[in-house]
Structures are given as structure tokens and as C-alpha cells.
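Worksheet: one structure, shown below.
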Amino acid sequence: MNLRNIQTVRMIMLVGLAAASLTLMAGCSNNGTAGKPTAKKAAKPAAIWPLAVQDPAKNETGAQIWSENCLRCHQLRSPSQYTPAQWGVIVQYMRLKAGLTGEQARKVLAFLKSASAH
Amino acid sequence: MRKRITLPILLAAAMAATAVGSVRAADSSNYQQLQKKYSTLKVQMQAMQKQMAQMQKQMAAQQKQMKAVQQAAPSINERATRRAIKRLSRQVMKLSEKEAALEPGNIQVLIAGDVNVQFQNKSGGNSTFYADSSPMIQVRIDKNIFVNTAFDFYTASGQAGGSAADIGAANINYELGDYMTVGGGLITSPIGGIVGNYNPAPWNRWLVDGSLEDNLLPPNELGIWTRGGIPAPGNLGYLTYFLFVSNGPEFIGTSGVPNQLSYDNFTATQNAKTVGGRISYLPIPNVEIGYSAEWASPTQSGALTKSDSWIQAVDFNSYYFNKKIEGFVKFRGGWTWEQVGQGGITPGNPTTPPALGNMSNGGQIDVAYQPSMCGIKYLDKMMVAFRYDRTDGPVTGVQTPGAMHEQRYSVGLDYWLHSNAVLKFEYEFDNVPDQHGSDAMFMQFAVGI
């Protein structure tokens, strides 16, 4: 293995390490998808990692998150354009593209599903 | 005679005087009593006044308390109602997830993508029609696993049969939590932000032609990544991140004179890898500021050693939506610096490396305005767009930094038939020093599926 390869491997290891740290952070701060939220659990993330603060999206409506974030990159698509099931796929994809948090994505999906059904 | 008269008078006067004196004595004692009574009453009145003042104070305090209680009562109810609604919506969400998981055929598949038809006329070249169809197959395996595959079929001159096909995306993503997703495969590169987020889909571009900055940015990455969004500390907006390791780029060009980097290196020639990522900050939802960088060790097939390349980019994206301007105005911009280092990549002759120590840079500023709230038929669906973009780079084969310079001013008029269907017209003023430039006119009909 030459010097360049060693450097590449080191770089990969560093990125892997950073990813692992972030994974732990996300695991610790997951308050939306795993388990019942208890007072003990809610207090834990803030103590471990300062970024694990309450998601401000908790105080916003799905319609608000949808209108404010989607218009940043494209024209707003009418909720009636897709079925609730199709919105499930689209929101999962857009969560990745726009860097939405789980809480934001869930709220937007709930809004689009209910608006689409009516 | 006088004596007889004087005596009775004197007697009478004495009696009268005595009588007056007794009356005066009686009056003064009454007065004193009255004065005593008055002073007693006055004291009593003052005490009562004090009591009354105290009572008024108490009344005012009680009224304040009453008001506070009256005001607090509905907010307590509101809070309780809000909590109850939140609890209920959480339960509904959980139940609907359970229901969806139990439903037969819970793997959801969506065919999306875009199609566009275009006419372009560049000065000094042939005018031509062009067509492109980019279907995407998106699959939601469950709430955590998402698969995306994208193809690109397009007409192209010089290709066999006049058409070409490409793969734009093939990736699997797994949501690890609210703030992180990990994935692997082929994905649009996040470097530069603008290409990754807005430019790939023609229906989502304000102008038909891509910017000069796009030429400096890698279109795709084939590797593994982690990405997501997290609340910024102190609830001051959000941060997003996208970190990756992918196959490194490859030098292409004539043998011994490599002059371009190709990022479609699907075989990782000589074990070359790229490490990079993008982070962005959103202080408010309609403003995003991003920084991205990637380091790679490009090589050429058959070469003995590698070089290195370094790309950095900044980008911003924002919009302002208000009735005062009868609609919205959007701003986007970015700048990219790309540097390729010295490298002995000549096969069999590492002592005479080609002069690759060069740097390219370029950027763009885009503005668009749509009076979507003006209430005037047709006008509310129109969007005017303007772009200034430029690039400075080495000339092919000469490798002199900044030898090539190009800048353009583009104006466009879009008519949105639908939120995902648009007719576009664009004119591009192109300025290449020492050349005639190649102004161009474009028309396009683009639809997002």
C-alpha cells in the first residue's frame, strides 16, 4: 500500500468516525420514532448533546412547514395532485432533499394526507 | 329724685348683668360640649375615611385578581385543549402507521420524474430541437427505508441513433432517526447546493440553459453518505448536513495531456476516492446559506501516480413572499473554486508531470419575480427571471489559470400552466473575449411528473 492509499484510508476512517459520532448523536436525540416519550427520556438528549434541543417544528403546523419550506426550491404542489399514499413516498424523498427533520416531515405528511383526502 | 331713679336702674342693671353672665356661662359650656362632639365625630370620620380607603384598595386588588383569573381561565383551557389535540394527533399518527403497516401492499411505489421539449438557436451553430425524458422510480419500503432510481433518455447529436441514455440515481436510504439518514449508491452531488437541489429537473429551473458554474461542479457521487437536518442550538433555525465518501474523479483528455476531470468514474481508477460534503444554515425557512467542499485524488487510467483536486463552493437561496409586492421574489446564487494540483500522471514518466497546477472558478446570481397575488388573469402565472454567470479557467492544452473567461447575462420569461408545467423563453447574451461569443435563444416546455 503506497502513501496515497494510506492517506485515502485515513480519510475514509476519519469520515467513518465522524459518521459514527453523528449516528450516536442521532440515536440519542431520536424522540420522534422510537419508544414512548417519557420525562426521563426527554431530559436525556439535552444532557448528552447540546444540539439535541426540542425541534421548533413541535410548535408549528404541517401547513406552515409545507408552505415555508417547499416554496424555497420549487412552486407549491397542490395537495390534491397526489393520493395520501403517494404523498407518503414524496415526503420521504423530499425529507432527504430538503434536509427536513423527522418531526417536520411527519407534520407535513399529516397535513398533505388530510388535505389530499378532502 | 335722681337718687330714687338711679338705684332701681342700677339694681336692674345689676340683675341684667347677672342674667347675661349666667346665659354666657351656659352658652360656653354647650359650645365646649359641641366642640368635643365635633372633634370626636371628626376622629370617627377620619377613621372611617381610612377604613374606606383601605376597602377601596382591597376592592381594586380584588378586581385585579378577578380580571387575572378571568383572563387565565380561557388560556388554561386553551393549553389543555392544545395538549389534548397534540396527544390525539400523536395517537392518530401512530394508529395510521400501524394501519398502513398491516395493509396488504404497504410497499409504496411512485413513478415520478420530468419530460421536456426544447428548441435552441445558438449563433454560429445550427438551431435544433431537443427532447429529454427522465423517469424516476421511487419506492417506500417502510417508514425508514427509501429507494430511488432515476434514468435519463435524451436526444444527442453525434450519438449512435441520435439518442443517449444515462442513469441519474440508484440509491438506498435508511432513516436512523429524526435527524439522520444514511445511504449508499449513485446520487446527485450536494457540492454547490444549487445543482443538487434545484437544477437537475428542467421544470424546476427558471431559465432553460444551465449555468456556467454547473460545469465546475461534479454532477453525481457514487459512494456512501450520511445526511439530515437538525435544529440549531437555541432554536435559532436549522442546520443541514450531507457528508460522503465516493469514487474519485478521473482525468480525461488526449493521452499524456489530461485536461478535464470526469466525475462519472464508476470504477474508481487506481483506488481513487473523494471525501466531501455540504453544510447549510437556515436562520428562517426562506433563507438558506450553504458551504460545500470536496477533496479527491484524481488519476488517469494506466497512470502511475495520482494528483489531487480540491473544490469549494458557497451558495445561498432565499425568497420573499408578500402581498405588498403582489407575489414573490426569489434569489439564488453561488460561487465555486476548483483547484487541480501538480501530479506526475504521465504513464511511465513520473518525472515530467504535465502542468496541472491550475485553478478555475465561476459563479452565478439568479433573480426571479412572479406576481402570483396580483389577481390579473395570465399575469399572475408569469415569472420573469434574470441570471448573471461567469467562469474563469484554463484553456484546454495551455493550462494557464484564468486564460479562459466567459460571462453571460440571461433573461427569461416563464408562463406556469400548472405548478409543475411551464413554458419558458430565454435569451442569453454570451461574452467570450477575443471571440464573437455565442448568444443563444431557447424555448422549452417542461413538465414535472
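Sorted by mean Cβ packing within 10 Å, highest first, what order do the peptides B:320-327, B:147-154, B:38-45, B:181-188 take? All intermediate terms of the calculation are to be shown ahead of the outcome.
Working: B:320-327: 13.0, B:147-154: 18.2, B:38-45: 10.0, B:181-188: 20.1.
Taking the mean over residues of other Cβ atoms within 10 Å, the ranking is B:181-188, B:147-154, B:320-327, B:38-45.
For the cross-link pairs A:K58/A:K113; A:K97/B:K330; A:K113/B:K94, the C-alpha atoms of every pair lie within 25 Å.
Per-residue mean of foreign Cβ neighbours for A:80-92 is 5 (Cβ atoms of other chains, 10 Å radius). Put simply, the amide H of B:D132, placed in the peptide plane, has neighbours under 5 Å in B:N116, leaving out anything fewer than 5 places away on its chain.
Would you mind getting me the FRET efficiency between B:I85 and B:Q32? Use the beta-carbon distance for r and R0 = 60 Å, nearest 0.05.
On the way: r = 79 Å, r/R0 = 1.32.
Calculated value: 0.15.
Between B:K98 and B:Y415, take the C-beta separation as r, use R0 = 35 Å, and let me know the FRET efficiency to the nearest 0.05. So the FRET efficiency works out to roughly 0.15.
Rank by packing, highest mean first: peptides A:99-105, B:363-369, with packing defined as the count of other Cβ atoms within 10 Å averaged across residues. Present the calculation step by step, with values, prior to reporting the outcome.
Working: A:99-105: 24.9, B:363-369: 19.6.
Final packing ranking: A:99-105, B:363-369.
Coordinate-derived values only; no laboratory data. Treat the numbers as computed from the prediction; the structure is a model and nothing was measured. Cβ coordinates were reconstructed from backbone atoms using ideal geometry, including for glycine residues, and neighbour counts include every protein chain displayed.
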